[in-house]
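Notes follow once the structure below has been shown.
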Amino acid sequence: MGEKVATDGFGPADRQRYRRKLQQCLAGLARLLAEQRFDRPRNLMGVEIELNLAGPDGLPRMLNEAVLEKIASSDFQTELGMFNLEVNIAPRRLGGHVFDRLAEELRTALGYADRKAAEIDAGVVMIGILPTLSQEDLVFENLSSADRYALLNDQILTARGEQITLDIQGVERLLHTSESIIAEAACTSVQLHLQVTPARFPAVWNAAQIVAGVQIALGANSPFVFGREVWRESRPPLFQQATDTRPPELQSQGVRPRTWFGERWVDSVYDLFEENVRYFPSLLPLCDEEDPLRVLDEGGVPQLKELVLHNGTVYRWNRPVYGWVDGVPHLRVENRVLPAGPTVTDVLANAAFYYGLVRSLADDPRPLWKRMPFEDAEANFDAACRYGIEAELRWPRPGRAGGTATRPAVRLVLDELLPLAAAGLDAWHVAPADRDFYLGVIEQRCRRRVNGASWQADTFHRALESGLDREAALAATTRRYRELMLTGEPVHTWPAGGAEGVAAGVGVGAAAGRGEGLVEGLAEE
């Protein structure tokens, strides 16, 4: 979806031609797999982070194009909403001090972006969903101006045939009707990429599916949607409903949503691309001139552009990616589970835990997906989204007794998964200092039972108890979050519930462009 697309509309013939090209691309992918044409293993990882823009008052700023003009770096680009940016970090080899080097690069890039945004009264907020986003912000006019966003919006609404209804029941109920897909823009995430060989792909993807619920439990950071407190990680239900092309009748028939967890373990990357083509009609039937089978017959490597474009409109939480660099194809697993934030340290702790744990599970001679029903992995994902760090997860019992048992997520991580993640990072040859520091952040998060979502919810309720109304409490929570985010200290070290700011009215300094705390700042507005 990153490429520029423009069209005056699609007709029936366009979709039929596109379907034929998708089948040709699938056949081309099958040949590439059979002929072992893919890049050699290089242990490459990559990171993308989606960001929000907010002002000193904590409210969203619809200024992404102006901020990008100030930043003037190809590392940053637009996202769906005018209050969004995305930063992309160049791929690098897993190993050594990779996480510390990434931390330095991210802090430099985000700090620079924040300073440039401040020139036009905005700032960067790295968070799953900005608490101060309101229903009034999420209108078609606030879509980013790139053609592809308006086109995607039109195609999803045309396929659905009616307005989009958002209905999420959690701590409170969110009920909202929209005439655009811009609610999707509220969901800002971290995407972790891992390049793998075709033979390795199924084990890595299956392992990533298994750990998705654990990732969410530890990293939840999105408890508020349009002023309502819903799930601890509300991005998945919001994203699914905002991109749903199914009217209620098709939902009742069991037609699959375009945002989905999946329904089975896989034996090949081909399985996932074939499912995408079989189950999901095209949204953007744009055909390239390339004939993939002719390119293969002539000894070349096709780019499979139709397959890549279609894959970008099926929103799996662990997505297969076909890439093409300098005439050499490669495969990646794109992990799209985690929300952005709270800090660079937290993001990289989540990344270290993911890469280490997936490596260990993929290497296991008795893989968990042979001992765990797929339905348990999906149920874990749902439970973690609802309850965050307090979630209880189904997990195979240790040893050979078989079966699964329900365990608190934090105990599962402390007792079983952290040692596996450490062993996996050792297998990647990550420096012990990096391994211990970043997994230590995960350990402390579990011991203190604090993540971004629990901190936000606690801070919000303390602000309410101090006498603020709902909107003021959300704004105060957002400002306090940003102040602490900019210190760089991981979320488990943040003052409990923002008590320091609520009780004393003192912020951590002028990091957010003003020095007030939760109550003092709101009293002036």
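Return the whole-Å distance between the Cα centroid of the stretch 108-147 and the Cα centroid of the stretch 278-334.
31
Quick one: accessible area per residue over the stretch 286-412, 1.4 Å probe, rounded to a whole number of Å²?
About 36 Å² of surface per residue is accessible.
Order the peptides 51-64, 174-187 from the highest to the lowest mean number of other Cβ atoms within 10 Å of their residues.
Highest-to-lowest ranking by the protection proxy: 51-64, 174-187.
Per residue of the stretch 303-310, in order, report the coupling 6.51 cos²θ - 1.76 cosθ + 1.60 (Karplus, θ = phi - 60°) as ³J(HN,Hα) in whole Hz, putting x for Gly and Pro.
8, 6, 4, 5, 5, 5, 5, 4
Residue by residue, what Karplus-based ³J(HN,Hα) values in Hz, rounded to whole numbers, does the stretch 285-290 have, using 6.51, -1.76 and 1.60 with θ = phi - 60° and x for Gly and Pro?
x, 9, 9, 8, 6, 4
Return one whole number: the accessible area per residue of the stretch 83-204 in Å², for a 1.4 Å probe.
Here the per-residue accessible area is 37 Å².
State to the nearest 20 debye the size of the charge dipole of the chain about its Cα centre, where the only charges are +1 on K and R beta carbons and -1 on D and E beta carbons.
Here the chain has a charge dipole of around 1800 debye.
Tell me, what is the 1.4 Å probe accessible area of Lys370, in Å² to the nearest 10?
Around 150 Å² of this residue is reachable by solvent.
Among Pro365, Asn64, Ser454, which residue has its Cα positioned farthest towards the positive end of the charge dipole of the chain, with +1 placed on the Cβ of Lys and Arg, -1 on the Cβ of Asp and Glu, and the dipole taken about the Cα centre?
Highest projection toward the positive end goes to Pro365.
Rounded, prolate or oblate: pick one for the stretch 192-268, where a ≥ b ≥ c are the square roots of the eigenvalues of its C-alpha gyration tensor, a/c under 1.5 means rounded, and failing that, prolate if a/b is larger than b/c, else oblate.
Since a/c reaches 1.5 but b/c is at least a/b, the shape of the stretch 192-268 is classed as oblate.
Out of residues 5 or more away from Glu392 or on other chains, whose amide H comes under 5 Å of its own, with H placed 1.01 Å from N in the peptide plane?
Under 5 Å from the amide H of Glu392: Ala409.
Which order do Ser454, Ser466, Ser74, Ser145 take when ranked by solvent-accessible area (1.4 Å probe, heavy atoms of all protein chains), largest first?
Ser74, Ser145, Ser466, Ser454
Assuming a ≥ b ≥ c are the square roots of the Cα gyration tensor eigenvalues, decide whether the stretch 221-363 counts as rounded (a/c under 1.5), prolate (otherwise, with a/b larger than b/c) or oblate.
oblate
Could you tell me whether the stretch 149-232 comes out rounded, prolate or oblate from its Cα gyration tensor? Rule is a ≥ b ≥ c as square roots of the eigenvalues, rounded for a/c under 1.5, then prolate if a/b exceeds b/c, otherwise oblate.
Oblate shape, in that a/c is at least 1.5 and b/c is the bigger or equal ratio.
Could you work out how far apart the two model spin labels at Tyr279 and Asp415 are, taking each label as a point 7 Å from the Cα in the direction of the beta carbon, and quote it in nm?
Those two pseudo-labels are separated by 3.3 nm.
Gap in Å between the Cα centre of the stretch 411-466 and the Cα centre of the stretch 157-192?
Centre-to-centre (Cα) distance: 29 Å.
What percentage of the solvent-accessible surface of the chain, computed with a 1.4 Å probe over protein heavy atoms, is contributed by carbon and sulfur atoms?
About 48 percent, which is the carbon plus sulfur part of the accessible surface.
Report the GluC sites (Glu not before Pro) located in the stretch 86-140 that are in a DSSP loop and have at most 12 other Cβ atoms inside 10 Å of their Cβ, or state none.
Counting only loop positions with at most 12 other Cβ atoms within 10 Å, the GluC sites (Glu not before Pro) in the stretch 86-140 are Glu119.
The values are calculated or read from the model by the stated rules, or taken from the named source; none is laboratory data. None of these values were measured; they are calculated from a predicted model. All Cβ positions, glycine included, derive from the backbone under ideal geometry; neighbour counts span all protein chains shown. To get the accessible areas, we keep the full protein, side chains included, count just its heavy atoms, and leave off ligands, DNA and RNA. Shrake-Rupley method; radii C 1.70, N 1.55, O 1.52, S 1.80 Å.
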